Amino acid sequence: RAFGARSEQRVIWQIGLFSNLRLFLIVTVCFSLQLAIHHVPMLQTLFQIKSVSLHQCVVWIGVGFIPLAILELRKILLNRAKKFA
């Protein structure tokens, strides 16, 4: 969602995914740490959690994209409405 919140009118592919490199690196590091917590045995013991299957990871990533998709769809619809207004 953070990538979509950078502009109220322009969609993510107009701005560019790497236009804010710091944001991209922070999201990448956070995502990597979340994966590590679920797949590194020492961290699993520390946080008292079990390993996550590939299917669960894919589902969670898909669910995570829902807010971004809604935000971007809203921008597209608003931009189209402005063109026809």
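If you roll a 1.4 angstrom probe over the protein chains with everything in place, what fraction of the accessible area of the chain belongs to carbon and sulfur, to the nearest %?
On the way: 4770 of 6850 Å².
C and S atoms contribute 70 percent here.
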With the convex hull built on the alpha-carbon atoms of the stretch 12-85, volume per residue in Å³ sits at 105 Å³
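How much accessible area per residue does the chain have, counting only protein heavy atoms and a probe of 1.4 Å, in square angstrom? Walk me through the numbers on the way to the answer.
Numbers: 6850 Å² over 85 residues.
So the chain comes to 81 Å² accessible per residue, rounded to a whole number.
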Along the stretch 3-14, what does the Karplus equation 6.51 cos²θ - 1.76 cosθ + 1.60 (θ = phi - 60°) give for ³J(HN,Hα), rounded to whole Hz, x for Gly and Pro? 5, x, 7, 6, 8, 8, 10, 8, 7, 4, 6, 7
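Under 13 Å from the Cβ of F3, count the other residues' Cβ atoms, weight Lys and Arg +1, Asp and Glu -1, and hand me the total. List each step's numbers first, then the result.
Details: positive: R1, R6, R10, R22, K75; negative: E72.
Computed value for this residue: +4.
The values are calculated or read from the model by the stated rules, or taken from the named source; none is laboratory data. What you see is a predicted model, and the numbers here were worked out from it, not measured in a lab. Cβ atoms come from the backbone with ideal geometry, glycine included; neighbour counts cover every protein chain shown. Calculation scope for accessible area: heavy atoms of the full protein, side chains included, ligands and nucleic acids excluded. Shrake-Rupley method; radii C 1.70, N 1.55, O 1.52, S 1.80 Å.
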